[in-house]
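Worksheet for the structure shown next.
The values are calculated or read from the model by the stated rules, or taken from the named source; none is laboratory data. All figures in this text were calculated on a predicted structure; none of them were measured in a lab. Cβ placement follows ideal geometry from the backbone for every residue including glycine, while neighbour counts extend to all protein chains displayed. SASA here: full protein model, heavy atoms, side chains in, ligands and nucleic acids out. Shrake-Rupley method; radii C 1.70, N 1.55, O 1.52, S 1.80 Å.
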Amino acid sequence: NIAAVHIGKQNYGGIARDWVFGFTPLLDRFGLNVSRGIMDHGAHFGWLTTSTGVTALEAALQNQAGAVALVGPTGIGKTSHVYALAQRLIEGQANENLAYHQIFALNATDILSRASGAGDLEHIMLSLANEASHSGNVILFFDDAQLFFGNAAGSFDATQIFLSLAQAKTVSMILAMSPNDYQHLRANNLGFASLLAPVVLQEPPEPNIMRVLEDTATGLQYRNHILIAYEALRE
């Protein structure tokens, strides 16, 4: 019993949408345009695009939250949920206010390594936010966001920078962190944490995990020209 693959021509909004999307050299330098990757190479998140976590993320962004805290333990799939949201948005499945928005995944380690002090970091962060804001349809995704809040080795306290961005609401942000890091943020920076719309991911039941695996297998089959048996997924 083999998972089947059907790949069709996908519409991603057309040339008018591309013209709206601005010139983003700094975002390209410090991050990955997840949505562009999906447009160029495809994505097969399938069931995950309509899961509780992804729909909660979309709802939080739709409600014009300045920033969303995506909270869950390591391995729960925070990054996968954001990528599934990117697929949903770029395929135009979301509300018209979010449809065809693009998600940039920014590398916290790279950003912090380029900043020699608070002034440098503030300049980089504000420049990234400015590019995203001028593009008009960009959502910034910060994986390992705890590195910006002084709660880990190699981290930096950039709370005030994020606070100003969240208050201005000129660009949407998703900050992924563990439950412990989120609680630490609330304990030490309640003013900023109160501006974050929390989306808490829970361990999914086994049938849903199988759906995610099946969708993942579909992508692996397509990219690597292989066949994956359902028995292998169950194992």
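Below is a table of values for the structure above.
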{"read-out": "Scan of the range 126-157 for residues that are of a type in the set (A, V, I, L, M, F, W, C) and modelled with pLDDT of 90 or more, ordered by number", "value": "Leu126, Leu128, Ala129, Ala132, Val138, Ile139, Leu140, Phe141, Phe142, Ala145, Leu147, Phe148"}
{"read-out": "Criterion violated by Leu233 - all others in (1) in a strand (DSSP E or B); (2) more than 19 Å from the chain's Cα centre (by Cα) satisfied", "value": "(1)"}
{"read-out": "Within the range 186-200, tally of residues that are open to solvent by less than 80 Å² (accessible area, probe 1.4 Å) and either in a strand (DSSP E or B) or touching a Cys at 6+ places or on another chain (Cβ under 8 Å) (or both)", "value": "4"}
{"read-out": "Filtered residues of the range 53-80 (kept if open to solvent by 40 Å² or more (accessible area, probe 1.4 Å), assigned to a loop (DSSP other than H, G, I, E, B) and within 21 Å of Ala145 (Cα to Cα))", "value": "Gln64, Pro73, Thr74, Gly75"}
{"read-out": "Leu227 vs. criteria aliphatic (A, V, I, L, M) and in a loop (DSSP other than H, G, I, E, B)", "value": "yes"}
{"read-out": "The range 32-52, residues that are open to solvent by 10 Å² or more (accessible area, probe 1.4 Å), closer than 21 Å to Asn97 by Cβ and of a type outside the set (Val, Ile, Thr)", "value": "Asn33, Arg36, Met39"}
{"read-out": "Single unsatisfied condition, Val212 versus (1) under 19 Å from His81 (Cβ atoms); (2) modelled with pLDDT of 90 or more; (3) not charged (D, E, K, R)", "value": "(2)"}
{"read-out": "Search result, residues across the range 203-235 that are open to solvent by 100 Å² or more (accessible area, probe 1.4 Å), within 25 Å of Ala176 (Cβ to Cβ) and without any contact (Cβ under 8 Å) to a residue 40 or more places away in the chain", "value": "Glu206"}
